[in-house]
Amino acid sequence: EDGPWRMLGILTFLDPPRPDTKQTIADAKVLGVEVKMITGDHKVVAVETARVLGMGTLIQGPAGLPMLGDGGSVPSNLPENFGALIVPSCGFAQVFPEHKYLIVETLRQVGFRCGMTGDGVNDAPALKRADVGIAVQGSTDAARAAADIVLTGEGLSVCIVAIKISREIFARLKNFLTYRIAATLQLLFFFFIAVFALPPKQHYQENSILGMDRLSTNPAFGGDPSLGVADQLWPFAVPRQCWKCPTGYTGSDDPRFARFREVLQTETVLTTLANSSSLQVPTMVS
């Protein structure tokens with residue numbers, strides 16, 4: 001109708017985050033993971049979203065962010081020129097795909113291990129450049145192709161579980177290596193003293209030295225890897241090359257091998273006892 005404008009109502013815009021997003025961000029901070037928001041939405045929307053999620057309200061606009069040079073070249077000295085702006089910020093708004101890429105690149109050059117989540121084509125360059133690119137559920141084919149990990153479930157809470165499991169695995173590996181190194185050093189020190197202080201008899205010298213070499217190798221590797229140097233009477237075992245077998249030796253079923261069988265079995269028992277006794281000491285001490 002012709003005439004003055006009349007106000008009929010207000011249509012609000014709201015892009016609410018997922019219900020579990022706030023708790024996921026809080027859990028990430030407890031684990032020492034800093035979370036930053038990168039969005040193409042307006043700065044006002046980004047500030048309100050960050051406030052609701054408890055991320056802080058220091059949101060940077062596109063002004064002052066790095067830009068690609070001529071021919072798509074990455075600017076030099078990103079940490080020196082833009083590190084002071086990007087590192088303390090809680091998020092970035094109204095950005096383009098090149099901004100996302102350069103923000104990730106700056107954080108990596110500063111020294112951070114950077115993970116990036118995204119779902120669209122505009123996130124693909126940053127997903128590819130990040131140390132770990134994570135494509136969320138419902139991502140485009142371009143985002144999935146650029147990412148290292150593709151989530152099949154909703155939300156990002158699974159990332160927190162993955163971080164915890166990964167840290168547990170690395171902690172176990174570290175503890176295992178520490179234990180093995182300590183046990184190996186103890187055993188090698190014992191053999192070093194024994195070889196020089198108590199030299200074996202001449203007729204048994206070769207077999208004793210070879211046996212000590214194997215004893216010092218087993219604790220270093222331990223478990224299944226030590227099967228590679230095992231000298232058991234099994235088809236899959238690696239045969240010892242140093243035994244002076246009779247001419248025409250055809251295998252362990254050869255009757256002429258009987259006199260070597262007893263020696264092999266005896267040495268195997270001694271190997272097991274030596275490993276058990278020497279490796280129990282650091283276990284009891286710890």
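The values are calculated or read from the model by the stated rules, or taken from the named source; none is laboratory data. Everything numeric in this text was worked out from a predicted model, so none of it was measured. Here the Cβ is made from the backbone with ideal geometry for all residues, glycine too, and neighbour counts use every protein chain on show.
The residues in region 69-93 that are part of a loop (DSSP other than H, G, I, E, B) and surrounded by fewer than 14 Cβ atoms within 10 Å (Cβ to Cβ) can be counted, and the count is 5. One residue stands out in region 152-209 among those that are more than 31 Å from the chain's Cα centre (by Cα) and β-branched (Val, Ile, Thr): the one that is modelled with the highest pLDDT, namely 193. When you look at residue 151, is it closer than 22 Å to residue 102 by Cβ, free of Cβ contacts under 8 Å to residues at least 24 places away in the same chain and crowded, with 16+ Cβ neighbours inside 10 Å, yes or no? Against the criterion (closer than 22 Å to residue 102 by Cβ, free of Cβ contacts under 8 Å to residues at least 24 places away in the same chain and crowded, with 16+ Cβ neighbours inside 10 Å), residue 151 does not qualify. Residues that are surrounded by fewer than 16 Cβ atoms within 10 Å (Cβ to Cβ) and touching a strand residue (DSSP E or B) at 6+ places or on another chain (Cβ under 9 Å) within region 96-123 comprise just one, 113.
Quick test of your reading of the structure: residue 122 fulfils all but one of (1) closer than 23 Å to residue 27 by Cα; (2) more than 25 Å from the chain's Cα centre (by Cα); (3) touching a residue at least 60 places away in the same chain (Cβ under 8 Å). Name the failing condition by number. Condition (1) is where residue 122 drops out.
Is it the case that region 41-64 has a residue that's under 23 Å from residue 163 (Cβ atoms) and touching a Leu at 6+ places or on another chain (Cβ under 9 Å)? The answer is yes; a qualifying residue exists. Which residue is surrounded by the fewest Cβ atoms within 10 Å (Cβ to Cβ), if the candidates are limited to region 1-29 and must be over 25 Å from residue 101 (Cα atoms) and polar (S, T, N, Q)? In this case the residue turns out to be 12.
Among the candidates 179, 101, which residue alone is of a type in the set (Phe, Trp, Tyr) and farther than 23 Å from residue 73 by Cα?
179
Residues that are surrounded by 13 or more Cβ atoms within 10 Å (Cβ to Cβ) and assigned to a helix (DSSP H, G or I) within region 30-47 comprise 43, 45, 46, 47, listed in sequence order.
Taking region 76-92, which residues are within 24 Å of residue 146 (Cα to Cα) and touching a Gly at 6+ places or on another chain (Cβ under 6 Å)? Selection gives nothing. All conditions but one from (1) in a helix (DSSP H, G or I); (2) free of Cβ contacts under 8 Å to residues at least 12 places away in the same chain apply to residue 63; the one that does not is (1).
For the subset of region 56-105 comprising residues that are polar (S, T, N, Q) and more than 14 Å from residue 42 (Cα to Cα), which member is modelled with the highest pLDDT? Reasoning before the result, please.
Of all residues in region 56-105, those polar (S, T, N, Q) come to 57, 60, 73, 76-77, 81, 89, 94.
Narrowing further to those that are more than 14 Å from residue 42 (Cα to Cα): 73, 76-77, 81, 89.
Values: 73: 81, 76: 83, 77: 85, 81: 87, 89: 92.
Across region 56-105, the extreme among qualifying residues is 89.
Looking at this structure, is residue 50 within 20 Å of residue 107 (Cβ to Cβ) and under 25 Å from the mean Cα position of the chain (by Cα)? Break it down stepwise before answering.
Working: within 20 Å of residue 107 (Cβ to Cβ): yes; under 25 Å from the mean Cα position of the chain (by Cα): no.
No.
Within region 113-149, being in a loop (DSSP other than H, G, I, E, B) and among the charged types (D, E, K, R) holds for 113, 119, 131, 148.
Do we find a residue being of a type in the set (S, T, N, Q), in a helix (DSSP H, G or I), assigned by TED's automatic domain parsing to the domain that holds residue 109 and in contact with a Ser or Thr (Cβ under 7 Å, 6 or more places away or on another chain) anywhere in region 176-191? Checked against the condition, which is being of a type in the set (S, T, N, Q), in a helix (DSSP H, G or I), assigned by TED's automatic domain parsing to the domain that holds residue 109 and in contact with a Ser or Thr (Cβ under 7 Å, 6 or more places away or on another chain), region 176-191 yields no hits at all. Within region 4-25, identify whether any single residue is of a type in the set (A, V, I, L, M), in a loop (DSSP other than H, G, I, E, B) and closer than 19 Å to residue 86 by Cβ, and answer yes or no. No: region 4-25 contains no residue that is of a type in the set (A, V, I, L, M), in a loop (DSSP other than H, G, I, E, B) and closer than 19 Å to residue 86 by Cβ. Limited to region 1-43, what total is found for residues that are outside the structural domain of residue 107 (by TED's automatic domain parsing) and among the small types (Gly, Ala, Ser)? Number satisfying all stated conditions: 2.
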